[in-house]
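This report concerns only the one structure given below.
Taken together, the values in this text are just the output of simple stated rules run on the coordinates, not laboratory data. Just so it is clear, the model here is predicted, and its values are computed rather than measured. Using ideal geometry, Cβ is built from the backbone for each residue, glycine included, and neighbour counts are taken over all protein chains shown.
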């Protein structure tokens with residue numbers, strides 16, 4: 001129905017960038033060493049610009065609030081022991097997991113099944129064990145040197161080492177059929193990971209079905225897996241497409257296309273903040289303290305309000321999205337019954353879109369509310385969303 005619809009401004013190339021972004025390359029980041037066609041393999045096509053028809057279908061799925069897929073790299077291994085521990089976790093910490101290799105062979109979620117897998121990954125395991133031995137030798141030498149110098153030995157973080165395994169999670173919200181998610185994960189892996197041995201482990205006892213993918217980073221042509229931001233976006237698109245082919249509504253759009261301004265907080269930062277709140281010791285969350293200090297100083301008039309370039313980009317993208325959607329609603333209303341129905345969906349989505357609030361906006365609002373409450377009742381105990389203020393880390397006067 002939506003393939004033949006015209007979307008006005010959304011038909012312009014810049015709005016295609018909203019729906020399928022082109023990531024900016026990082027500085028000092030070399031190109032992926034694995035290229036299409038090497039090693040006798042045929043690679044998945046690169047992410048291309050959204051066509052007009054595909055753009056209309058994507059906008060309709062956004063307006064209908066189609067569930068978004070999650071594809072996330074959760075970790076890597078450079079040693080054999082952590083890899084074995086991760087496999088043990090995947091098979092032991094879920095009820096009736098389904099485990100299979102890249103050829104579709106079912107593996108028993110037992111010790112024997114894990115050993116069978118590691119036999120197939122002999123090159124990666126050998127490399128991991130070699131790096132383990134090197135690390136142990138390095139620590140022994142450093143410990144002996146510290147003892148000779150009479151100082152306390154503090155193990156340093158490991159230096160750069162070759163990654164032998166990559167952990168990826170493919171997930172869908174609650175209500176998605178688990179076996180369809182597993183089948184979509186198979187299709188995704190066949191397209192995107194065909195140069196690497198991998199296993200799929202389906203977990204369906206956590207409220208939402210998700211598939212853990214453990215990838216041997218040493219490919220068939222001995223080249224590592226490319227995992228840039230552009231690759232991750234293409235993986236999300238591929239997984240969502242596989243789900244839709246199996247009748248499961250799914251979409252993979254960037255946050256800015258859905259009107260979401262703030263990205264999810266890093267898990268490590270969340271953990272550090274929770275520890276800091278419990279201990280009332282904010283010495284290890286310096287960046288967070290600096291943001292609160294900026295919000296407090298802006299509220300006191302000590303410094304002018306300053307917007308980070310990321311905030312400016314977020315507001316620009318949001319204004320562009322709203323302008324395009326309003327224009328799309330007008331154009332859709334002129335295109336008969338199908339267009340009118342689509343216009344209602346887009347207009348409803350636009351009306352219910354949350355306000356574009358960044359993290360600094362939230363901090364500014366919390367600090368301003370705290371200052372108003374303290375001005376009304378100076379004896380009141382602070383109860384702000386920014387607990388750093390409770391310790392007097394930031395001056396109030």
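Before moving on, here are some points about what is shown:
- Each of residue 340 and residue 103 was given a label point 7 Å from its Cα along the Cα-to-Cβ line. The distance between the two points is 5.9 nm.
- Between residue 134 and residue 88, the contour length at 0.36 nm per residue exceeds the alpha carbon distance by 14.1 nm.
- Linear extension gain, residue 245 paired with residue 162, 0.36 nm per residue minus alpha-carbon span: 26.2 nm
- Shown is the FRET efficiency for residue 142 and residue 286, computed with R0 = 45 Å from the Cβ-Cβ distance and rounded to the nearest 0.05: 0.95.
- Efficiency of FRET between residue 222 and residue 266 - r from beta-carbon atoms, R0 41 angstrom, step 0.05: 0.80
- Label-point separation, residue 206 to residue 371 (7 Å along Cα→Cβ), nm: 4.2
- Under the simplified labelling scheme, the residue 278-residue 153 pair shows an inter-label distance of 3.0 nm, with each label point 7 Å from Cα along Cα→Cβ.
- Pairwise FRET efficiency - residue 348 versus residue 14, Cβ, R0 = 30 Å, nearest 0.05: 0.75
- Sorted on the mean count of surrounding Cβ atoms within 10 Å across their residues, most packed first, peptides 160-167, 81-88 read 160-167, 81-88.
- Rounded Å value of the spacing that divides the Cα centres of region 321-342 and region 190-210: 38
- Over region 69-250, relative contact order from alpha-carbon pairs under 8 Å, at least 6 apart, %: 30
- Put in order of Cβ neighbour count within 10 Å, fewest first, the listed residues 235, 121 become 121, 235.
- Inverse mean reciprocal Cα-Cα distance (Kirkwood Rh) of region 69-250, Å: 17.7
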